[in-house]
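All remarks here apply to the structure that follows.
The values are calculated or read from the model by the stated rules, or taken from the named source; none is laboratory data. Note that the structure is predicted; figures quoted are calculated from it, not measured. For neighbour counting, all protein chains shown are included, and Cβ atoms are generated from backbone atoms with ideal geometry for every residue, glycine included.
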Amino acid sequence: MLRALALLVFIFPVVIFSNKIVFNSQNVSTDTKNIVLPNTINSKLDDSNATGLEPVYPESWLANLFYQSLVGFSVTDVGNSACRLQSKLYLSHLKNNSYWALKMSDSWPRYLNGLLIGNTHHMGVYDECISVHHPIQGKYCLSTIELQTSTNENFTQYSKDEYTSFDNAWQEILGFIDYGDQYKRNVINLGVCIPEACTSEDLEVSLQRELDRIFLAHQLSTQVNVKPELCNTNKIFFPYDTGYYVTCIVIGLLILVVSFSTAYHLVALRNGRENKQLQASEITIIFSVITNGKELFKFDKNNELNFFNGLSTNTTMMVIISHGWLISVTGPYLYPRVIEESFQDAHYNIFLSINNGVDPFLFMSGYLLYSIMITKFRQPGCNWFQIPKMFIYKYLKSIPAHVAMILLTIFIIPHMGNGPFWANRMDLEANKCKQYWWTNLLVINNFVDGGNQCLFAGYYISLQLQLTVIGIIVVYIYGKNRKIGASVLALLISASLIIPFALTYYSKSDGITKFNISFMLNIMQSTSSHSYDYTHIYSQLYVRGLPFYIGLLAGDIVEVLKKKEIKMSKTTTLITNLIAWGLYMYVQLYSNVFYQRHRAYNAIESSMYAAIGHLNTPLLLMWCAICHTTSSYGFLDNILNNRFINLLHKLSYSVYLVNVTLTLMIVFSVRASEVLTSGMIVMKLIYIMLTTYLAALIMHLLVDAPFGLLINRLFLGRRPSTKVKEN
């Protein structure tokens, strides 16, 4: 009997998992280090294994080849006559060890290091190059060099996930496969100092010719690319055009108005006129920092919606950290393995599942919209004419700060920094806003290719306003007829589940938008993200509306629970929350499977996750809303419901507008490759957090708050208090 049981225990797992084992055996080689390649490579891999041929690598190492090419390099024999003259002058003084010529030569590297570990940026010393002014001006150019084999041999068939000590190092370069979780080993970004008269095209031609001379002899080819935006001197790259001066005048006038209003308000306070009417127009009170500062500090502890405002504030902080980390990934690093390991660890890695980071905001928007508007719509005098009025009001409230950020991005921010990356990155952002600013104002920018949107995260503002229109209509129907409203809401939820499933299945996309290294580099270095998910699925209304609709549903459920006065014990609340969080984390972390290398694509799995992935967060928050209504979270209520958190919540809109642009300014103002440690990551993210909130406070006090009060006065007839001190 015991032998039979032992045999059954031994056989049972084999029977159960036999299908999986057979399936995997078709996709994984016996050597676990060897990768399973796409079909275009597998055929060559089979041929190679059949013939037993070994790859033939260059005898000299890559760094040596670069040194041979660059040790005596200068821009010569190009069509630009001024460039030829300055190059000859530079070379003659270089032979005589002239100080200015050696500064130019000394400012950029010849022997490259860190090629095997992912050090893709070999920067040199930017400021040393551009500090040369006489007899010629030094110009720093950052070139991109892509390395390939000049033969037809496919080295990717010999690639491994990890290389042993005695593997040929060339395989890491020539056999590099872009899985998205590594920096490209076959792409080099090289800083070169050239005379000012030489253009990016001159450098590109000369460098290509010199590299070909050395590399082709070793059966290697290079492709050199030098963007004009990546060539800089100490002179101003961006012109001071009419838009710049007009924007500066507008900002100056705004600062003047705010300063005058605040000064007048302060003088009135000091003169002891607390209980007397101010002898000034309402505009003085509206633009006063004192007035808007008081609004920031106003706090009603008994407001039950403060709990969700606190959740929104904490989620906003997480969004800042996420944006800061993702944009920082695109910077230059001497030892980027810390970053690569964070993307390659596809097991229980919560960071990899941040693709649904705005879902909490959408849920809370729907929940708060229902909670606030349902009572109004049930009033007898409320009719359909209220709906466009409410949307226009919401639209007008969002416009001033949004327009201010667009103007700053186009005309002001490009002049606020410099460095080897600055002009390229900020010019790209400015050009996108110059071309597509109107899509932001028409609230349709989330239907534009994600790589071309004005303001990197601006899609959320349009998405929010679009859902607000739908939400107001649904809540209005709920207020007039609950059954019809429930049917409409059920239809919207069903459509939001079916459409992502169908789009993902049809396009053969992954179940999530993967914000990995390759994705971020593509979107930061060009106008295209090269991601179907991000371009056609990630920001669209018909895909992202599910959390908002669940928020509306949660508002209805909570309203019913309040009427029935249903209560839960704290023990029940604790146990159910632990279960809810456990299920949430399981579904959230399941998205890690889409980052795993060599994992066979499953269309049904990806489509299912695309459908339910955005259902995960709102279901958890709906249960939190139910527990908050029927029970208490104790100390958590105190953490989320206090004056400081409430103040930060009022800055959320300004924070969202400024945080990506500010992070871009911080990351792309670097001069050289950085050394990244866990401590440095934490300090950098804290710095980004603090500067973001400081910039948001300025935006709020100068634009968002005063124009918000002005719109309230003009649109709703709400008068600001004209007393210096309220009773």
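Since P500 meets every condition but one in (1) touching a residue at least 40 places away in the same chain (Cβ under 8 Å); (2) surrounded by fewer than 22 Cβ atoms within 10 Å (Cβ to Cβ), which condition does it not meet?
All conditions pass for P500, except number (2).
Tell me, yes or no, whether region 581-602 has at least one residue that is closer than 27 Å to Y476 by Cβ and either among the β-branched types (V, I, T) or within 32 Å of the chain's Cα centre (by Cα) (or both).
Checked region 581-602: no residue is closer than 27 Å to Y476 by Cβ and either among the β-branched types (V, I, T) or within 32 Å of the chain's Cα centre (by Cα) (or both).
Inspect region 566-583 for any residue being assigned by TED's automatic domain parsing to the domain that holds Y505, touching a residue at least 12 places away in the same chain (Cβ under 8 Å), touching a Lys or Arg at 6+ places or on another chain (Cβ under 8 Å) and not polar (S, T, N, Q) and give the result as yes or no.
no
One line per residue, one yes/no per condition, for (1) among the hydroxyl-bearing types (S, T, Y); (2) farther than 23 Å from M373 by Cβ:
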| residue | (1), (2) |
| --- | --- |
| L552 | no, no |
| K563 | no, no |
| G582 | no, yes |
| M585 | no, yes |
| N592 | no, yes |
| Y595 | yes, yes |
| N602 | no, yes |
| L620 | no, yes |
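Can you tell me which of (1) without any contact (Cβ under 8 Å) to a residue 24 or more places away in the chain; (2) buried (at least 19 other Cβ atoms within 10 Å of the Cβ) is the one P380 doesn't meet?
(2)
Is it the case, given these coordinates, that I392 is assigned to a helix (DSSP H, G or I), in contact (Cβ under 8 Å) with a residue 40 or more places away in the chain and surrounded by fewer than 17 Cβ atoms within 10 Å (Cβ to Cβ)?
Against the criterion (assigned to a helix (DSSP H, G or I), in contact (Cβ under 8 Å) with a residue 40 or more places away in the chain and surrounded by fewer than 17 Cβ atoms within 10 Å (Cβ to Cβ)), I392 qualifies.
Every residue, every condition in (1) modelled with pLDDT of 90 or more; (2) over 30 Å from K103 (Cβ atoms); (3) surrounded by fewer than 19 Cβ atoms within 10 Å (Cβ to Cβ), yes or no:
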residue	(1), (2), (3)
V132	yes, no, no
I136	yes, no, no
E146	yes, no, yes
F155	yes, yes, no
N168	yes, yes, yes
Q171	yes, yes, yes
L174	yes, yes, no
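Give I413, I470 a once-over and let me know the one that is crowded, with 17+ Cβ neighbours inside 10 Å, at pLDDT 90 or above, under 30 Å from P380 (Cβ atoms) and more than 18 Å from the chain's Cα centre (by Cα).
Just a single option satisfies the conditions, and that option is I470.
Restricting to region 434-449, name every residue that is in contact (Cβ under 8 Å) with a residue 24 or more places away in the chain, in a helix (DSSP H, G or I) and either surrounded by fewer than 23 Cβ atoms within 10 Å (Cβ to Cβ) or within 17 Å of the chain's Cα centre (by Cα) (or both).
K434, W437, L441, N446, F447
What do you reckon, is V319 part of a helix (DSSP H, G or I) and surrounded by fewer than 17 Cβ atoms within 10 Å (Cβ to Cβ)?
no
Conditions tested, residue by residue: (1) modelled with pLDDT of 90 or more; (2) in a helix (DSSP H, G or I); (3) over 19 Å from L664 (Cβ atoms).
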| residue | (1), (2), (3) |
| --- | --- |
| L497 | yes, yes, yes |
| P500 | yes, yes, yes |
| Y505 | yes, yes, yes |
| D510 | no, no, yes |
| T513 | no, no, yes |
| S528 | no, no, no |
| Y534 | no, yes, no |
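Looking at region 329-341, which of its residues are out of contact with any strand residue (DSSP E or B) (no Cβ under 9 Å at 6 or more places or on another chain) and either crowded, with 17+ Cβ neighbours inside 10 Å or not assigned by TED's automatic domain parsing to the domain that holds R597 (or both)?
Residues satisfying the conditions are V329, T330, P336, E340.
I681 fails exactly one of the following numbered conditions: (1) assigned to a helix (DSSP H, G or I); (2) farther than 25 Å from Y126 by Cβ. What is the number of that condition?
(2)
Within region 622-642, work out how many residues are crowded, with 18+ Cβ neighbours inside 10 Å, of a type in the set (S, T, Y) and not in a helix (DSSP H, G or I).
Total satisfying the criteria: 2.
Specify the residue that is surrounded by the fewest Cβ atoms within 10 Å (Cβ to Cβ); the eligible residues are those in region 533-543 that are more than 17 Å from the chain's Cα centre (by Cα) and within 19 Å of G511 (Cβ to Cβ).
Only one residue tops the list, namely Y542.
Based on this model, can you work out whether V593 counts as in the same structural domain as E304 (by TED's automatic domain parsing), closer than 21 Å to G485 by Cα and either in contact with an Asp or Glu (Cβ under 6 Å, 6 or more places away or on another chain) or at pLDDT below 95 (or both)?
Spelling it out, it is not the case that V593 is in the same structural domain as E304 (by TED's automatic domain parsing), closer than 21 Å to G485 by Cα and either in contact with an Asp or Glu (Cβ under 6 Å, 6 or more places away or on another chain) or at pLDDT below 95 (or both).
So L690 clears everything in (1) surrounded by fewer than 19 Cβ atoms within 10 Å (Cβ to Cβ); (2) more than 25 Å from E429 (Cβ to Cβ) except one condition, right? Which one?
(2)
I'm checking my understanding of the structure. Among residues of region 324-340 that are more than 14 Å from Y693 (Cα to Cα) and in a helix (DSSP H, G or I), which one is farthest from the chain's Cα centre (by Cα)?
By that ranking, first place goes to R337.
Taking region 604-614 on its own, how many of its residues are surrounded by fewer than 19 Cβ atoms within 10 Å (Cβ to Cβ) and either free of Cβ contacts under 8 Å to residues at least 12 places away in the same chain or farther than 13 Å from Y590 by Cβ (or both)?
Number satisfying all stated conditions: 1.
Kindly list the number of the only condition in (1) within 18 Å of L296 (Cα to Cα); (2) modelled with pLDDT under 90; (3) not in a loop (DSSP other than H, G, I, E, B) that fails for E726.
Every condition holds for E726 apart from (3).
I need a count of the residues in region 575-592 that are surrounded by 15 or more Cβ atoms within 10 Å (Cβ to Cβ) and not β-branched (V, I, T).
Qualifying residue count for the region: 9.
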